[in-house]
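The values are calculated or read from the model by the stated rules, or taken from the named source; none is laboratory data. The model shown is predicted, which means the values in this text are computed figures rather than measured ones. We place every Cβ from the backbone using ideal geometry, glycine too, and count neighbours over all the protein chains shown. Each accessible area value is taken on the protein alone, full model and side chains, heavy atoms only, with ligands, DNA and RNA left out. Shrake-Rupley method; radii C 1.70, N 1.55, O 1.52, S 1.80 Å.
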Amino acid sequence: VITLGAIADDFTGATDLATALRQRGFRVVVVVEDTAVEAESVADVDAVVVALKTRTAPRDEATAATVAAARKLAALGTKQYYVKYCSTFDSTPDGNIGTALDAVLGELGERRAIVVPAFPDNGRTVYRGHLFVGDQLLAESPMRDHPLTPMTQSRVADILAPQTSRSVAEVTAPTVWAGTAQLADALEAHPDGYIVVDTTTNDDLERIAAATASWRVVSGGAGLALGMTGPAIAGTDDFKAPIGRRLVVCGSASAATRGQVAAAIASGLPAFKLDVTAMGANPASVIDSALAFIAASDEADVPVVYSVGSLDDVTRSTRDGRPVAGIVEQVIAAITRGAVEHLGVRQIIAAGGETSGSVVKALGAGRLRIGPQISPGVCWSLATASAGIPVALALKSGNFGAEHLFTTAWEALA
Ligand code: ADP
């Protein structure tokens, strides 16, 4: 029986949530999209997070994927369902958060769910129904200009209402502050539809989670998990990283990753910059030279393979005119796989959201047992590659992590 089954609308969101749950005493596994989960493979787990790729998907596609995930969780005997979206409630003009929620309620025959996008530790709060990013209303924050999901309204109910056929109500801060019992009473006044609940602090999250502990369906950003309490005592589960060589692969051009690459080079880690323009015609030779570089580096060292040193390295196409982004992902994924299968690499940091996704796919590592946190939003996980080889993976969204992550992250495995 799974205490908590979550459905996350993107990959890094899934690991974010999983890390928060582990911190709160859940033993957690992240399952990537189409990966099957047998009951015995999650026998020693309290929470399963299914990672979808639906944040910007059309509604029918998002609905189908969400229902499939809910069925997968139901087959495991899930008690409570957690629909996870971004704490800035990212949605396209044809937003699918509401339709995904409708689909889960419909599938489970349930009538209501709370809506808690807040994540106070990251500056995302909801007050009087309005979502704030730091001190700014959502629609006045940089999210206003997001290329894929521009957020032009701040009242969560106003964003959600056009996405659902169900009603949307609000419960505001004074009720939340009055205590768990009062909050639970106020929520009982809304037996149908969605209830946006104000949240300004982690204490609020605890009250909200307590007041809805017996609800079948809750929804929110990863923050809501910080109000929950899992059955295990945090940090006591048996996370044991496999021993072997270490490797860092980076396909991210984000400022934080570029800083981490520079810091790694400055501190003497052996580094190999991929020749991106040469990849189109002959990706195999780029893969082979990267593997040769890893093989030649000291076994105790941490080789870094990267595709962007400075922004000048970012190009649209290869020398023979092919679009670069997908090819770089494939090449980095193939290098990682080769390093695991042939060079004894067992501990890997992958930088870049899309890059991490490609690496996980190439390794055939669809189930990630979540381990210790490295820094906010970045954690170690254990997976089994398709060759049956155990690996420790840290998947890092481009802009996450401190400057010296590539030299310090390994300490969390000790
Ligand atoms: P982030 O999390 O920083 O956004 P992603 O991995 O999600 O990183 O996205 C970076 C994208 O840029 C990937 O598709 C990657 O293959 C691509 N890429 C990597 N290096 C280069 C490069 N030198 N030129 C162009 N695109 C690149």
Discussion item. At 7 Å along Cα-to-Cβ for each site, give me the label-to-label distance between E411 and R111 in nm.
Written reply: 5.3 nm
Worksheet entry | Reachable lysines from K396, criterion Cα separation under 21 angstrom, eight or more residues apart if same chain | K53, K84, K240, K273, K361
Worksheet item: Where does each of 173-184, 399-410 land if you order them by average Cβ count within 10 Å, highest first?
Response: 399-410, 173-184
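Can you work out the accessible area per residue across the chain, with the rest of the protein chains kept in place, probe 1.4 Å, in square angstrom?
Working: 16390 Å² over 414 residues.
Each residue of the chain exposes 40 Å² on average to a 1.4 Å probe.
Set the Förster distance to 25 Å, then compute FRET efficiency between E38 and T229 from the Cβ-Cβ distance, nearest 0.05. Don't jump to the answer; show the numbers that get you there.
On the way: r = 27 Å, r/R0 = 1.09.
After rounding, the FRET efficiency stands at 0.35.
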Fill in: Cα-projected label distance for H342 with E354, points at 7 Å along beta-carbon direction, nm
2.7 nm
Fill in: Considering only the chain, percent of DSSP beta bridges that pair antiparallel, nearest 5
30 percent
Worksheet item: Long-range amide H contacts for H146: which residues qualify at under 5 Å (H placed 1.01 Å from N, peptide plane, sequence gap of 5 or more or a different chain)?
Response: M151
Item to complete: State the extension gain, in nm to one decimal, for the chain segment bounded by T152 and T200, taking 0.36 nm per residue of separation less the distance between their alpha-carbons.
Response: 15.2 nm
Worksheet entry | Rounded to the nearest 20 debye, dipole of the range 259-334 from Cβ charges on Lys, Arg, Asp, Glu | 300 debye
Worksheet entry | Share of carbon and sulfur in the accessible heavy-atom surface of the range 293-336 [1.4 Å probe, %] | 50 percent
Discussion item. I need the calculated FRET efficiency for the pair E61 and I265, taking r as the beta carbon distance and R₀ as 45 Å, to the nearest 0.05.
Written reply: 0.60
Worksheet item: What is the range 28-132's relative contact order, in percent, from Cα pairs under 8 angstrom and six or more apart in sequence?
Response: 23 percent
Practice prompt. Tell me the label-point distance for the pair D145, S167, using the 7 Å Cα-to-Cβ offset, in nm and rounded to one decimal.
Written response: 4.1 nm
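Normalising by the residue count of the chain, find the relative contact order in percent from Cα pairs under 8 Å and 6+ residues apart. Don't jump to the answer; show the numbers that get you there.
On the way: 934 pairs, mean separation 71.8, N = 414.
This gives 17 percent for the chain.
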Fill in: Apportionment of accessible area to carbon and sulfur, the range 1-143, percent (1.4 Å)
48 percent
Discussion item. Quick check: the distance between the Cα centres of the range 1-47 and the range 331-386, to the nearest angstrom?
Written reply: 17 Å
Practice prompt. Determine, from the Cβ-Cβ distance of R319 and H404 and an R0 of 35 Å, the FRET efficiency 1/(1 + (r/R0)^6), rounded to the nearest 0.05.
Written response: 0.50
